[in-house]
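Trainee: Pasting in a structure now, in structure tokens, and then I'll have a few things to ask.
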There are 4 protein chains.
Amino acid sequence: MKRQIFTADHEAFRGTVRTFLAKEVTPHYARWERDGIVPREAWRAAGRQGLLGLAVPEEYGGGGTTDFRYSAVLTEEFTRAGAAGLAVGLHNDIIGPYLTGLATEEQKRRWLPGFCTGEIITAIAMTEPGAGSDLQGIRTAAEDRGDHWLLNGSKTFISNGILADLVVVVARTTPEGGAKGLSLLVVERGMAGFERGRNLDKIGQKAQDTAELFFHDVRVPKENLLGELHGGFAHLMTNLAQERMNIAVAGIAAAEHLLEITTAYVKEREAFGRPLAKLQHIRFEIAEMATECAVTRAFLDRCITDHAAGTLDAVHASMAKWWATELQKRVADRCLQLHGGYGYMSEYPVAKAFTDGRIQTIYGGTTEIMKEIIGRSLLS
Amino acid sequence: MKRQIFTADHEAFRGTVRTFLAKEVTPHYARWERDGIVPREAWRAAGRQGLLGLAVPEEYGGGGTTDFRYSAVLTEEFTRAGAAGLAVGLHNDIIGPYLTGLATEEQKRRWLPGFCTGEIITAIAMTEPGAGSDLQGIRTAAEDRGDHWLLNGSKTFISNGILADLVVVVARTTPEGGAKGLSLLVVERGMAGFERGRNLDKIGQKAQDTAELFFHDVRVPKENLLGELHGGFAHLMTNLAQERMNIAVAGIAAAEHLLEITTAYVKEREAFGRPLAKLQHIRFEIAEMATECAVTRAFLDRCITDHAAGTLDAVHASMAKWWATELQKRVADRCLQLHGGYGYMSEYPVAKAFTDGRIQTIYGGTTEIMKEIIGRSLLS
Amino acid sequence: MKRQIFTADHEAFRGTVRTFLAKEVTPHYARWERDGIVPREAWRAAGRQGLLGLAVPEEYGGGGTTDFRYSAVLTEEFTRAGAAGLAVGLHNDIIGPYLTGLATEEQKRRWLPGFCTGEIITAIAMTEPGAGSDLQGIRTAAEDRGDHWLLNGSKTFISNGILADLVVVVARTTPEGGAKGLSLLVVERGMAGFERGRNLDKIGQKAQDTAELFFHDVRVPKENLLGELHGGFAHLMTNLAQERMNIAVAGIAAAEHLLEITTAYVKEREAFGRPLAKLQHIRFEIAEMATECAVTRAFLDRCITDHAAGTLDAVHASMAKWWATELQKRVADRCLQLHGGYGYMSEYPVAKAFTDGRIQTIYGGTTEIMKEIIGRSLLS
Amino acid sequence: MKRQIFTADHEAFRGTVRTFLAKEVTPHYARWERDGIVPREAWRAAGRQGLLGLAVPEEYGGGGTTDFRYSAVLTEEFTRAGAAGLAVGLHNDIIGPYLTGLATEEQKRRWLPGFCTGEIITAIAMTEPGAGSDLQGIRTAAEDRGDHWLLNGSKTFISNGILADLVVVVARTTPEGGAKGLSLLVVERGMAGFERGRNLDKIGQKAQDTAELFFHDVRVPKENLLGELHGGFAHLMTNLAQERMNIAVAGIAAAEHLLEITTAYVKEREAFGRPLAKLQHIRFEIAEMATECAVTRAFLDRCITDHAAGTLDAVHASMAKWWATELQKRVADRCLQLHGGYGYMSEYPVAKAFTDGRIQTIYGGTTEIMKEIIGRSLLS
Ligand SMILES: Cc1cc2nc3c(=O)[nH]c(=O)nc-3n(C[C@H](O)[C@H](O)[C@H](O)COP(=O)(O)OP(=O)(O)OC[C@H]3O[C@@H](n4cnc5c(N)ncnc54)[C@H](O)[C@@H]3O)c2cc1C
Ligand SMILES: Cc1cc2nc3c(=O)[nH]c(=O)nc-3n(C[C@H](O)[C@H](O)[C@H](O)COP(=O)(O)OP(=O)(O)OC[C@H]3O[C@@H](n4cnc5c(N)ncnc54)[C@H](O)[C@@H]3O)c2cc1C
Ligand SMILES: Cc1cc2nc3c(=O)[nH]c(=O)nc-3n(C[C@H](O)[C@H](O)[C@H](O)COP(=O)(O)OP(=O)(O)OC[C@H]3O[C@@H](n4cnc5c(N)ncnc54)[C@H](O)[C@@H]3O)c2cc1C
Ligand SMILES: Cc1cc2nc3c(=O)[nH]c(=O)nc-3n(C[C@H](O)[C@H](O)[C@H](O)COP(=O)(O)OP(=O)(O)OC[C@H]3O[C@@H](n4cnc5c(N)ncnc54)[C@H](O)[C@@H]3O)c2cc1C
């Protein structure tokens, strides 16, 4: 089924992204995985190519388009290339909106140009050892010290945690508990008392640095408050829909790509004197996955269009998130199996997709949290 | 997610169908179920209301529109009303195209006006005791006797089998086997040697008559050949996509309706001192089904649009057929469970939907046959 | 895998049950289904054959064995025969223990002989329109009037509701709420104010009468209190494990029987020029179901042995209940599908098994309630 | 449910294995994983502890027991410890029987003592790049050169491929194709022309060396033929049941262990102000997995007993293999999810179990091949 949501401009941009990946990413990716991190130079290359800050106004060096479909194209291509370690989607779609949407003019000037060149790599730090799904449990706290905030606490599982130059930290700014009293503070590389833990050893996404962050009496200048004081929770809620769409878009793209690889594999691989594809079970596996992908694609493209138009609600973003990532998980598992022993070898894309993809149902709001959001809304 | 495929005209037509159902069908439906058949008068009422022959040119008394979306609206409303026993969709979407697409001018004049008034109720007879999924196994045969065909054989599971005035019979017209050599012959009520078996006792769809048909030396006039001699198989292939879409449209509509009923039920029903809806398991059930329905709806609406535009291929029609009907089955089972003991009581719509719906993954091409079609196509 | 839990005596008893079914039940069963009820004479025949009151001491006319394996044999054979409508298992395994375990000597004399001859058909009435899973919500209440209880309220979904001569009614005997304050009162046929509603129309188990019961100022003599005053809830808890085992035993037996029928069917039925059994998908279906049945059988036989030895706990009885009945449901659905159109015809055993079996995950404690029991226990 | 298949002797042996693991394996395991291989010294330690060659007659230095339950105990404990990299089970249960069952007296004297001390580490090489599921596709061939065989070809995915001192190689000894004409040849470390490829990079089981093996004009002395000339296929068939049981035993043990870890985790971990265990969804997850484990355990224990008694057939071994490993896979996935972000961190046992376990449904005969075996047998 031909997709109907893209124009020639989007497809041209797809070409640009593919070229970039083929030249700047794929040849080096295995090394980055061994290193557990992407070199800063790769970020700058992405910046030069215009891949950073698609939605940042041109005056700050960005792409100046709020059309989410460009983001979708970028995410799709990075996913197909198995290159999520260079976390451009996170930077653009997930952290970007906090800066473009909430920053003051002064802050924009300070941060956005570097954001777009790749000089300023970003992260967002919500999760803590004791607070993941339940953000109201956040304990990192900032005390008002007149001209600055005194920040104490720790965060964990922070993507770009090692590389980040700018971290949006969710912290409690009043002792009142719960959702109220959270604010967004921007912590920058080099601030005294801001330390990073080790680069966490994950079962997948090896090139992506994920780290613990520690804040010991970090003096965060008042100018680094992002958005409303005590309004952090509302800001998170506003921006989570796009985070979820970003992950969902990657989910369906991964599933489609796995299906493509595996379809080719079973046509090629022989057993019992003929291609696997001639076995009915294999045929049914492919038919079932192809159907699930086609069905999900129709939904996702509708969600992308709606989100680009600003009409996607939280319930549908949550549906897209859990459904597409659970599909990705199922498809990865089935495709690995269809590769037999080769599916277990790290060098096979299907093996890497299996381990890389496993996190998708967890971060950005777990499948279970998505179902809570949907269920509560429908049953209220 | 608001559906985007209908215009005001379609919605006006939806109103007409609802009114018709409320007045002419729902009040009598329980009786029809007990009788195992719908009275002919109901068909005539549908005809008067303009519900028969939507796609038949106006000159023969039909609606004159080939826009499949009207058919979809009609199927959706009949499904919501649990009124599939009055098999208007079968008549319009499945048998209609054979007549409008293949009949000669003379045949059109003979049959289409009655088709539209409800005087001529139709059926299509492919399946035989020994040939269901495998139509190439058909053994009913017609011998060329100069000015007529001499038809012998039997068919089974024929919907409208008791009521039908006109039956499109798939018969072998040359002794060469396989797909070649099948033709479509129209057998009419009253032809000597054409007999009907008993109205089959099914676990659901009680108001729909389903019967065996027997042909003993039936003389079918040459003028009753429909389409190409020996070209029956190709004619079937052409028309099966629409049959599958018709069933798929009913499938997703049934699922959505069940979800609606059940959402209301769990908000109302109390256990352990509060509504079932307050239990997390129940919330997740509803969230999962709502997601599956939303995802499938996006795909189906795309398929409906494509089919209306004449661009839907066999693979996607097959995907829609098996996916939507398997969803319907899963949702019916889960919704029944959520009703507890009440779900097992025939008077509850959810109970009826469970038994009525179970056939959907079987007729019109089983789930397994759909997967074969998809798999073969993708792996060739 | 040969079963290892039965002795020659059990197998001899199996022979007796089979003979009884073949002679007294199977030839008449279709009629009983049409009637919606089993004639009292069938109960008396079962009594004469020694099938009623297996666990009732011989002095009261019973079988005098507390070996649950005989019960299992009886349930298995009734299930294979599709004859659950003659609810001997309910009478023996579910209601019997209340009488043998809680009745006073005087009560035993009054009720057990008739229980064993089939003169006294029994029922147990827990469920109310507003209280199913949540028995603490029971509102039927009995007021102490000195020498009798004045009973008011209503029950629903009561198996044997029309036929029953003796109904164990769970009623509130003190106004204090919750689990405390429930007692078991025996209501007998003919007591003034005890009325039965209509025989409920179910989607399956057509020969089994299920009814609402109404109590308007029924004077229940003090001698009809069963067990401890206000101790009803504890009595229920004690006896529910056996109820669950009875249903689980039927569940796995049904699944095994369906598999047997369907294995034979796919070996026989031809499509595309050879038996269905030659298709890989069909082979996998059979292999998967056979594995699930074998795995479940091993567990169930262990549970039967443990229960016969008095060592089965509530958690494992709950596991057996939900697992075996959900398996039965899945297998019934798959086997129906494998029969194609024939699977939808009421006369086919697989069709009947599909509708008859659907209640199994609901009564005797729903799947969800079983999971609650297990989960709570493991996580406490 | 208390397991009933072990005696005090088995449990004493369990203690020995645990002590060994705690002392000799667990403290070093992370290093072995980094190294991608286990040091030979660990094998010798296992030998000293009496863990190698349980079934080898005492005269050759073995344990002298053919009671498979000891093997099961050993496999269970290695699995619980996440220590499958030290492939003692493979050595004992999978390769051992070829030597004890097929070797001549002279061969036994040559190989078995070292087998038991850990001086001779073994491997079996069936799979080739072009022949995995389909062993009849084996192309490695040995030409008869009078006093020796000239062996040419290559194998892949060979466990212990790097460490092995003795490799049982399946090779074609006559040019006639298919199952006939395969023989087992023992290739030993140091034979000229026998080379090993690199240690393959797998997504899990990092401490286990898996390698390609190459044979270029290797002169294998006639004395190294194992079993019947051209009788290799039959020998494989005889021994595959035990290979499958070994893997199945590991599968259920892994699932049970994961459930244990995760049950503890959800009782401990808090979100939304209380332990995860208080959430109904979590409770249901645990209840469902506990039920599946209990059900499968009953079946596996029956299979272990039967296999120890020599009565387990190929069909039931295949059922055990696919069912237990698919359960392991499902449970690993669900348990990982229940750990949230922590489940993705390599240091968490649940993460390692997820990647380590993924191969189980593939090697030793894939799930699909198991279903073929079962299906064919039941439908023949
Ligand atoms: C690779 C990686 C990258 C990440 N990147 C970032 C990042 O850049 N920034 C950031 O802030 N965080 C990041 N995270 C953290 C991630 O968002 C959290 O791990 C996730 O939100 C889950 O939180 P948790 O790990 O504390 O799991 P928990 O909240 O402890 O959840 C454990 C389990 O309980 C379930 N559960 C929780 N609550 C409920 C409920 N009410 N009902 C039912 N089930 C429930 C969960 O679904 C899950 O299965 C990252 C994590 C990983 C692994
Ligand atoms: C209520 C009802 C109404 C109907 N109305 C009509 C009608 O109006 N006109 C008409 O002509 N027919 C009608 N049918 C017949 C219906 O189309 C057939 O029942 C259906 O096509 C399946 O054929 P079968 O029953 O012969 O099953 P079979 O073809 O015998 O199939 C049995 C099972 O084998 C599976 N199977 C078959 N081939 C394969 C394969 N290659 N690979 C894997 N699995 C396979 C099937 O999926 C099915 O599960 C109706 C049936 C019913 C029950
Ligand atoms: C044919 C038939 C025969 C019967 N025979 C008898 C009989 O002889 N005697 C008798 O006393 N009763 C009998 N019953 C009643 C039967 O036991 C109840 O229907 C059953 O216990 C469920 O109660 P309910 O129908 O009120 O459903 P509800 O309790 O209203 O449950 C509705 C749904 O909510 C779910 N649910 C409820 N609580 C929870 C929870 N805490 N968490 C998650 N999900 C939950 C249920 O699982 C179910 O899916 C019979 C019922 C039938 C249909
Ligand atoms: C870590 C590891 C350790 C191993 N250790 C050893 C070892 O020590 N010695 C050894 O000899 N081998 C070993 N193997 C090889 C292993 O046994 C094979 O990988 C396995 O048998 C599958 O073969 P394959 O990889 O060639 O897959 P293929 O045979 O190519 O199978 C690919 C896919 O097709 C499916 N398929 C194949 N045939 C059919 C069919 N008829 N119907 C339906 N589906 C089918 C398979 O199930 C699989 O999903 C090991 C493999 C791994 C990964």
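The values are calculated or read from the model by the stated rules, or taken from the named source; none is laboratory data. In this text, all values refer to a predicted model and were calculated from it rather than measured experimentally. Every residue, glycine as well, gets a Cβ built from its backbone with ideal geometry; the counts of neighbours run over all protein chains shown. Calculation scope for accessible area: heavy atoms of the full protein, side chains included, ligands and nucleic acids excluded. Shrake-Rupley method; radii C 1.70, N 1.55, O 1.52, S 1.80 Å.
Trainee: Only residues that are in contact with a helix residue (DSSP H, G or I) (Cβ under 7 Å, 6 or more places away or on another chain) and either under 14 Å from C:Gly130 (Cα atoms) or within 16 Å of ligand 1 (Cβ to nearest atom) (or both): list them for region C:149-169, please.
Mentor: The answer is C:Phe157, and nothing else.
Trainee: Give the residue that is farthest from ligand 1 (Cβ to nearest atom), with candidates limited to residues of region D:257-278 that are over 22 Å from D:Leu327 (Cβ atoms) and among the acidic types (Asp, Glu).
Mentor: Going through the qualifying residues, I end up with D:Glu268.
Trainee: Right, next: Given the conditions (1) buried (at least 20 other Cβ atoms within 10 Å of the Cβ); (2) closer than 27 Å to B:Thr355 by Cα; (3) at pLDDT 95 or above, and given that B:Arg31 satisfies all but one, which numbered condition is not satisfied?
Mentor: (1)
Trainee: Looking at B:Ala253, B:Ala314, B:Ala320, which one is open to solvent by 20 Å² or more (accessible area, probe 1.4 Å), under 26 Å from C:Gln337 (Cα atoms) and under 19 Å from the mean Cα position of the chain (by Cα)?
Mentor: Checking each option against the conditions leaves just B:Ala314.
Trainee: Taking region D:298-311, which residues are within 19 Å of the chain's Cα centre (by Cα), open to solvent by 10 Å² or more (accessible area, probe 1.4 Å) and at the interface with chain C (Cβ under 9 Å from one of its Cβ atoms)?
Mentor: Within region D:298-311, D:Asp301 is the sole residue that qualifies.
Trainee: Let me ask something else about it. Being over 24 Å from D:Ala234 (Cα atoms) and open to solvent by less than 60 Å² (accessible area, probe 1.4 Å) is the filter here; which residues of region D:165-198 pass it?
Mentor: Correct list: D:Asp165, D:Met191, D:Gly193, D:Phe194, D:Gly197.
Trainee: Next question, about the same structure. Quick check on region C:355-365. Is at least one of its residues more than 16 Å from ligand 3 (Cβ to nearest atom) and without any contact (Cβ under 8 Å) to a residue 60 or more places away in the chain?
Mentor: The answer is no, given that none of the residues of region C:355-365 is more than 16 Å from ligand 3 (Cβ to nearest atom) and without any contact (Cβ under 8 Å) to a residue 60 or more places away in the chain.
Trainee: Has region B:358-378 got any residue that is of a type in the set (Asp, Glu) and within 10 Å of ligand 2 (Cβ to nearest atom)?
Mentor: Scanning region B:358-378 turns up at least one residue that is of a type in the set (Asp, Glu) and within 10 Å of ligand 2 (Cβ to nearest atom).
Trainee: So C:Asp201 passes all but one of these: (1) surrounded by 23 or more Cβ atoms within 10 Å (Cβ to Cβ); (2) touching a Ser or Thr at 6+ places or on another chain (Cβ under 8 Å). Which condition number does it fail?
Mentor: (1)
Trainee: Tell me whether region C:277-291 contains one or more residues that are open to solvent by 30 Å² or more (accessible area, probe 1.4 Å), more than 9 Å from chain D (Cβ to nearest Cβ) and away from ligand 4 (no atom under 16 Å from the Cβ).
Mentor: No, region C:277-291 contains no residue that is open to solvent by 30 Å² or more (accessible area, probe 1.4 Å), more than 9 Å from chain D (Cβ to nearest Cβ) and away from ligand 4 (no atom under 16 Å from the Cβ).
Yes/no per residue for (1) farther than 29 Å from D:Asp306 by Cβ; (2) within 14 Å of chain A (Cβ to nearest Cβ); (3) without any contact (Cβ under 8 Å) to a residue 12 or more places away in the chain:
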{"residue": "D:Asn199", "(1), (2), (3)": "yes, yes, no"}
{"residue": "D:Lys202", "(1), (2), (3)": "yes, yes, no"}
{"residue": "D:Gln205", "(1), (2), (3)": "no, yes, no"}
{"residue": "D:Gly232", "(1), (2), (3)": "no, no, no"}
{"residue": "D:Met245", "(1), (2), (3)": "no, no, no"}
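Trainee: Kindly provide the set of residues from region A:111-127 that are touching a strand residue (DSSP E or B) at 6+ places or on another chain (Cβ under 9 Å) and either more than 19 Å from A:Ala171 (Cα to Cα) or within 16 Å of ligand 2 (Cβ to nearest atom) (or both), ordered by number.
Mentor: A:Trp111, A:Gly114, A:Phe115, A:Ile120, A:Ile121
Trainee: Check whether at least one residue in region D:365-372 is within 14 Å of chain C (Cβ to nearest Cβ), under 16 Å from the mean Cα position of the chain (by Cα) and open to solvent by 10 Å² or more (accessible area, probe 1.4 Å), and report yes or no.
Mentor: Checking region D:365-372: at least one residue is within 14 Å of chain C (Cβ to nearest Cβ), under 16 Å from the mean Cα position of the chain (by Cα) and open to solvent by 10 Å² or more (accessible area, probe 1.4 Å).
Trainee: Here's a check for you: in region D:140-154, which residue that is more than 24 Å from the chain's Cα centre (by Cα) and in a loop (DSSP other than H, G, I, E, B) is surrounded by the most Cβ atoms within 10 Å (Cβ to Cβ)?
Mentor: The selected residue is D:Arg145.
Trainee: Could you check C:Ala264 against (1) without any contact (Cβ under 8 Å) to a residue 24 or more places away in the chain; (2) away from every other protein chain (no Cβ under 14 Å) and say which number it fails?
Mentor: Of everything listed in (1) without any contact (Cβ under 8 Å) to a residue 24 or more places away in the chain; (2) away from every other protein chain (no Cβ under 14 Å), C:Ala264 misses just condition (2).
Trainee: Looking at region B:155-226, what strands (runs of 3 or more DSSP E) fall wholly within it and have at least 3 residues that are more than 15 Å from B:Thr127 (Cβ to Cβ)?
Mentor: Once the strands (runs of 3 or more DSSP E) in region B:155-226 are filtered for at least 3 residues that are more than 15 Å from B:Thr127 (Cβ to Cβ), what remains is B:182-188, B:194-199, B:210-221.
Trainee: Assess whether D:Arg18 counts as being farther than 19 Å from D:Gly85 by Cβ and under 19 Å from the mean Cα position of the chain (by Cα).
Mentor: no
Trainee: In addition: I need a count of the residues in region A:351-362 that are facing chain D (nearest Cβ under 7 Å) and open to solvent by 30 Å² or more (accessible area, probe 1.4 Å).
Mentor: Adding up the residues that qualify gives 0.
Trainee: For residues that are β-branched (Val, Ile, Thr) and open to solvent by less than 10 Å² (accessible area, probe 1.4 Å), scanning just region A:96-139, find the one that is nearest to ligand 4 (Cβ to nearest atom).
Mentor: A:Ile121
Trainee: Checking the structure you have, find out if any residue of region D:73-84 is surrounded by 19 or more Cβ atoms within 10 Å (Cβ to Cβ) and either modelled with pLDDT under 95 or within 16 Å of ligand 1 (Cβ to nearest atom) (or both).
Mentor: Looking through region D:73-84, at least one residue is surrounded by 19 or more Cβ atoms within 10 Å (Cβ to Cβ) and either modelled with pLDDT under 95 or within 16 Å of ligand 1 (Cβ to nearest atom) (or both).
Trainee: Right, another one. Check region D:267-275 and report whether any residue there is away from ligand 2 (no atom under 16 Å from the Cβ) and surrounded by 22 or more Cβ atoms within 10 Å (Cβ to Cβ).
Mentor: Within region D:267-275, not a single residue is away from ligand 2 (no atom under 16 Å from the Cβ) and surrounded by 22 or more Cβ atoms within 10 Å (Cβ to Cβ).
Trainee: Are there any pairs, at least 6 apart or on different chains, whose C-beta atoms fall under 9 Å, with the first in region B:278-305 and under 12 Å from B:Glu256 (Cβ atoms) and the second within 16 Å of ligand 2 (Cβ to nearest atom), and if so, which?
Mentor: Close Cβ pairs satisfying both conditions: B:Thr296/B:Gly251; B:Thr296/B:Trp323; B:Leu300/B:Met245; B:Leu300/B:Ala248; B:Leu300/B:Gly251; B:Leu300/B:Trp323.
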